[in-house]
Amino acid sequence: MITAAPAEQTQATTILAFKFADGVLVAGDRRATAGNTVVYDRADKVLEIDSHSLMAIAGVPATAWEMARVLEHSFQFYRRSQLQEMSLEGKVRALSKLLRDNLGMVLQGVGVVVPIFAAYDAAAGVPRLYFYDAMGAQFEVTDFAATGSGSPSVRGVLYYENTWGKKPLTKCRQSEAIIIALRALDTAAETDTATGGVDRRGRVYPIIKIISSKGIHTLAEKDLARVFKREVP
């Protein structure tokens, strides 16, 4: 009897986020893989949930994107029905519940998602940053977070910059933060085949979004290309 080989899951990596002087920078490479095969090289791994909330995804895109859609609709429903924004604590726990509800799939070895959640806390007037494990445990971050297969290299770069760089990450200007994010993802791509980094030949650049008191700003590819060419030879 011939048994079919198990289908390879599509995976999305690598994501990072860190606080800087004006808010939180959230970035992700663009590569999605299935085993040793590159499935797609323009995947969006940094998703806007509402005007002041971002979810970055590492893991299975199908599951992660559905979680993002559920969160977006939940936040909208709460805002329209209660005539006010959901509290940040409520938003953070909503994502945690979705991850816990997905535990059955995780235990079967499919549908694993390990996200990062960033938001601007209007009540406190400060940006907040959280990362999760696949079972829904949430951890608030003071400086930076990274998940996905390329995260060890990314964490090394961010730790170095935060500890021995010219200044701590939280003191960096936006232009400096963008350079650090590009260098971190490019470094990860050198050691992790599942991380796309920057595709110089295909002109594919990471997704980088900034969240602050003014809302969410997405960096244009042409701006990233100019910075990369000048600062990351």
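Projected label points at Tyr159 and Phe139, each 7 Å from Cα along the beta carbon direction, are separated by 1.2 nanometres.
Here the spin labels are modelled as points 7 Å beyond Cα on the Cα-Cβ line, and at Lys171 and Arg93 they lie 3.8 nm apart. Using Cβ point charges alone (K and R +1, D and E -1), the dipole size of the chain about the Cα centre works out to roughly 540 debye. Close amide H partners of Phe20, meaning residues 5 or more places away or on another chain with modelled amide H under 5 Å apart, are Leu25.
Accessible area per residue for the chain, computed on protein heavy atoms with a 1.4 Å probe, is 51 Å².
A DSSP coil position with no more than 13 other Cβ atoms inside 10 Å describes none of the chymotrypsin sites (Phe, Trp or Tyr not before Pro) in segment 32-132. Our estimate of slack between Arg100 and Val70, defined as 0.36 nm per intervening residue step minus the Cα-Cα distance, is 9.4 nm. Rounded to the nearest whole Hz, the Karplus-based 3J(HN,Hα) values (6.51 cos²θ - 1.76 cosθ + 1.60, θ = phi - 60°) of segment 79-92 follow the sequence 4, 6, 7, 9, 6, 6, 6, 5, 5, 4, 4, x, 5, 5, with x at glycine and proline.
Relative contact order of segment 118-233: 22 percent, from C-alpha pairs under 8 Å at least 6 residues apart in sequence. Once you have a ≥ b ≥ c as the square roots of the Cα gyration tensor eigenvalues for segment 78-175, tell me rounded if a/c is under 1.5, and otherwise prolate or oblate according to whether a/b is larger than b/c. Oblate, since a/c reaches 1.5 and b/c is not below a/b. Surface composition of the chain: carbon and sulfur atoms hold 53% of the protein heavy-atom accessible area at a 1.4 Å probe.
With contacts taken as Cα pairs under 8 Å at a separation of at least 6 residues, the chain carries a relative contact order of 27 percent. Using a cutoff of 8 angstrom between alpha carbon atoms and counting only pairs six or more residues apart, the relative contact order for segment 171-233 works out to 27 percent. With both labels modelled 7 Å from their Cα along Cα-to-Cβ, the Leu83 to Ala21 distance reads 4.2 nm. Of the peptides 164-175, 143-154, the ranking by mean beta-carbon count within 10 Å, highest at the top, reads 143-154, 164-175. In terms of distances greater than 31 angstrom between alpha carbons, the cross-link table entries Lys45/Lys171; Lys91/Lys171; Lys97/Lys171; Lys97/Lys166 yield Lys97/Lys171; Lys97/Lys166. Dipole orientation for the chain: of the candidates Phe18, Phe117, Trp65, Phe18 has the Cα lying most toward the positive pole (charges on Cβ; Lys, Arg +1; Asp, Glu -1).
The values are calculated or read from the model by the stated rules, or taken from the named source; none is laboratory data. Predicted, not measured: the structure shown is a model, and the values here were computed from it. Neighbour counts are summed over all protein chains in view; Cβ atoms, including those assigned to glycine, are modelled from backbone coordinates with ideal geometry. Just so you know, the surface numbers come from the protein's heavy atoms only, side chains and all, with ligands and any DNA or RNA stripped out. Shrake-Rupley method; radii C 1.70, N 1.55, O 1.52, S 1.80 Å.
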